[in-house]
Amino acid sequence: MLFRSNFAYGNNTYTLTVANTGADAKSPVTLTDTLPAGYSFVDMNATKSGTQPLSGANAANWNCDTSGQVMTCLYDTNGDGIGENFPNGTTNTLTLNVNISNSVSSGTTSTNFAQVTLNSNQTDTNTTNNTASDPTTVFALPNMVLTKTSSPTTFPVGINAASYTLTATNTSGLTVNAPLNLIDRKSTRLNSSH
């Protein structure tokens, strides 16, 4: 199962749920996920080799590798690279971390595909629920950046001429609709003149 509705540029997440409602699934149990063009996987575990895009409480149960737009993960709870059985009644909820580049046009709807596969010697009683897909629409969002600098950079006690400069910049290339509010809180140790 995949779930997510809309994304903005930058880092986003899908939720994947892998559940076994039948007999114990024999090793190897493999989860694959294929991203749309313009999407990439985000590494969430630098201690493991390769890109590990999964996070959450059950992420440690899976050992992943990525190649281009495809992630392949082995259910491998002890990390031996061989894999373990996926017992009856087990559910793993996973967060898949992805990044969307601005090469994807705003308003584009793309589909992410996920699939779980069993040992080739075992027959799944219901293969219709072994795949999932999620169409997701990318929307560009405004990004306002505010900086504040002082002149001089340090204020000696009793100084009478000092100022702050505030600069608001829209880095998104999109129009930000009014009203825009800027709030600046002055230290109680400073006096201001208008």
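Laboratory data are not the source of any read-out in this text; all were calculated from the coordinates shown. Every value quoted in this text rests on a predicted model; they were computed, and no experiment measured them. When we count neighbours, we look across all protein chains shown, and the Cβ atoms used for this are built from the backbone with ideal geometry, even at glycine.
If the segment from Thr169 to Thr15 were pulled out straight at 0.36 nm per residue, it would be longer than the present Cα-Cα gap by 52.1 nm. Looking at the P(r) of segment 59-194, how many percent of alpha-carbon pairs lie beyond 17 Å? The answer is 77 percent, as a whole percent.
In the chain, if the dipole is taken from +1 on Lys/Arg beta carbons and -1 on Asp/Glu beta carbons about the Cα centre, which of Ala178, Asn130, Thr153 is farthest to the positive end? Value: Thr153. Here is the list for segment 97-194: chymotrypsin sites (Phe, Trp or Tyr not before Pro) lying in DSSP coil, each with at most 15 other C-beta atoms within 10 angstrom of its C-beta, are Phe139. Placing +1 on the Cβ of every Lys and Arg and -1 on the Cβ of every Asp and Glu, with no other charges, gives segment 1-160 a dipole of roughly 560 debye about its Cα centre.
Taking the chain as a Gaussian network, where each spring joins two C-alpha atoms under 10 Å apart, which residue of Gly68, Gly158, Gly83 fluctuates the most? Greatest mean-square fluctuation among the candidates belongs to Gly158. Under 5 Å from the amide H of Thr136 lie the amide H atoms of Ser110, Thr111, Asn112, each residue being 5 or more positions distant or on a separate chain, with H modelled from the backbone and absent for Pro and chain starts. Each of Ala19, Leu31, Ser101 was placed along the dipole of segment 1-157 (beta-carbon charges, centred on the mean Cα), and the one lying farthest toward the positive end is Ser101. Report, ordered by chain and residue number, the lysines lying within cross-link reach of Lys26, taken as a straight Cα distance under 29 Å and ignoring same-chain residues fewer than 8 apart. Straight-distance partners of Lys26: Lys48. For the peptides 27-38, 117-128, residues were scored by their other Cβ atoms within 10 Å and the scores averaged per peptide; the highest-first order is 27-38, 117-128.
The value of relative contact order for segment 35-194, using C-alpha pairs under 8 Å at least six residues apart, is 16 percent.
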